[in-house]
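Novice: Before I ask anything, let me first share the structure, which is written out below as structure tokens.
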Amino acid sequence: MAVDGVSFSIAAGDTFAIVGESGCGKTTLARMLLRLIEPDSGELRFAGRDLLALAGARLREQRRQMQMIFQDPFASLNPRMRVGAIVGEPLAIHEPRMTAEARRERVAAMLKRVGLNEDAMTRYPHEFSGGQRQRVGIARALILQPKLIVADEPVSALDVSVGAQVLLLLQDLQREFGLTYIFISHSLPGVAQVATRVAVMRAGRFVEVGGVERVLGQPEHEYTRELLTAVPELPRV
């Protein structure tokens, strides 16, 4: 799906949600923001820097400030690597002078923070549940202490109760580390729980943008109203 005419800004510490049905361009946009997909035109700025002008070492340095939590906790973790190596890999790339012991301690502390024991380090992804695997993915995204997290449908592959726990964890981590989130979702209840502002996306364009209470409580666009009618009851925001 092509993304066209999309423009938004997000303040530090906020959660900006992008919601829409499958195939509307949400994931394409998420990958563009991290330059995993190169846009044909437009401008992309982060903390005042033009990301499209960066290359090589300067781009790598900027990327450590911008990390992604992927939709599928099964496919996003290398099955041949132990969890300690998966979570520690960003440190090995971006902080090569860090000693192996210091890296191990940092990984163990982050795994503990997301609710996993230290013995998780020696195990492989297939030995964990879907919710635990997503916690591994969250630990990997946070290990470099980034400023921005792009969460692409982070709970859509999980059971409802497990997904709710992961959303609460993401909110706790946001408060603790001062994170800014771009939260991609097709779930309006999840958006109502975590977002401060929301954009409704359809066919590669934003059709409505605003504060989450206004957009979900008093939608102006017909498509937003259609999405809301498909949800039995939204949690209060």
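The values are calculated or read from the model by the stated rules, or taken from the named source; none is laboratory data. Computed from a prediction, not measured in an experiment: that's the story for all the values here. Here the Cβ positions follow ideal geometry from the backbone for every residue, glycine too, while neighbour counts run over all protein chains shown.
Novice: Would you please list the contacts, defined by Cβ atoms under 6 Å and residues six or more apart or on different chains, that run from a residue in the stretch 109-120 that is farther than 14 Å from residue 140 by Cβ to a residue that is surrounded by fewer than 21 Cβ atoms within 10 Å (Cβ to Cβ) and at pLDDT 95 or above?
Specialist: Pairs that qualify, where the first residue is farther than 14 Å from residue 140 by Cβ and the partner is surrounded by fewer than 21 Cβ atoms within 10 Å (Cβ to Cβ) and at pLDDT 95 or above, are 118/108.
Novice: Listed residues 84, 88; which is among the small types (Gly, Ala, Ser), touching a Ser or Thr at 6+ places or on another chain (Cβ under 7 Å), closer than 12 Å to residue 139 by Cα and touching a residue at least 12 places away in the same chain (Cβ under 8 Å)?
Specialist: Residue meeting the stated conditions: 84.
Novice: Tell me whether the stretch 96-119 contains one or more residues that are small (Gly, Ala, Ser) and farther than 25 Å from residue 162 by Cβ.
Specialist: There is at least one residue in the stretch 96-119 that is small (Gly, Ala, Ser) and farther than 25 Å from residue 162 by Cβ.
Novice: If you don't mind, there's one more thing I want to ask. Considering the stretch 19-42 alone, what residues qualify as being charged (D, E, K, R), in a loop (DSSP other than H, G, I, E, B) and either surrounded by 13 or more Cβ atoms within 10 Å (Cβ to Cβ) or touching a helix residue (DSSP H, G or I) at 6+ places or on another chain (Cβ under 7 Å) (or both)?
Specialist: 21, 35
Novice: Based on this model, can you work out whether residue 138 counts as β-branched (Val, Ile, Thr), over 18 Å from residue 90 (Cβ atoms) and either in a helix (DSSP H, G or I) or touching a strand residue (DSSP E or B) at 6+ places or on another chain (Cβ under 6 Å) (or both)?
Specialist: When the stated conditions are applied, residue 138 does not pass them.
Novice: Might you check whether a residue that is within 18 Å of residue 68 (Cβ to Cβ), outside any helix (DSSP H, G or I), out of contact with any Asp or Glu (no Cβ under 6 Å at 6 or more places or on another chain) and modelled with pLDDT of 95 or more occurs anywhere in the stretch 105-119?
Specialist: yes
Novice: Name the single residue that is nearest to residue 32 (Cα to Cα) among those in the stretch 43-53 being free of Cβ contacts under 8 Å to residues at least 12 places away in the same chain and part of a loop (DSSP other than H, G, I, E, B).
Specialist: It comes out as 43.
Novice: Among 35, 63, which is of a type outside the set (A, V, I, L, M) and more than 27 Å from residue 116 (Cα to Cα)?
Specialist: Working: 63 fails: more than 27 Å from residue 116 (Cα to Cα).
Selected residue: 35, the only one of 35, 63 that is of a type outside the set (A, V, I, L, M) and more than 27 Å from residue 116 (Cα to Cα).
Novice: For the stretch 90-104, which positions are of a type in the set (D, E, K, R), loosely packed, with under 12 Cβ neighbours inside 10 Å and assigned to a helix (DSSP H, G or I)?
Specialist: 101
Novice: With 134, 174 as the choices, which residue is under 30 Å from residue 45 (Cα atoms), surrounded by fewer than 23 Cβ atoms within 10 Å (Cβ to Cβ) and in contact (Cβ under 8 Å) with a residue 12 or more places away in the chain?
Specialist: Details: 134 fails: surrounded by fewer than 23 Cβ atoms within 10 Å (Cβ to Cβ).
Just one listed residue meets the conditions, 174.
Novice: Quick check on the stretch 175-205: of everything there that is in contact with a strand residue (DSSP E or B) (Cβ under 6 Å, 6 or more places away or on another chain) and assigned to a helix (DSSP H, G or I), which residue is modelled with the lowest pLDDT?
Specialist: Once the filter is applied, the top-ranked residue is 191.
Novice: Which residue, of 144, 169, is in a helix (DSSP H, G or I), out of contact with any Cys (no Cβ under 8 Å at 6 or more places or on another chain) and surrounded by fewer than 20 Cβ atoms within 10 Å (Cβ to Cβ)?
Specialist: 169
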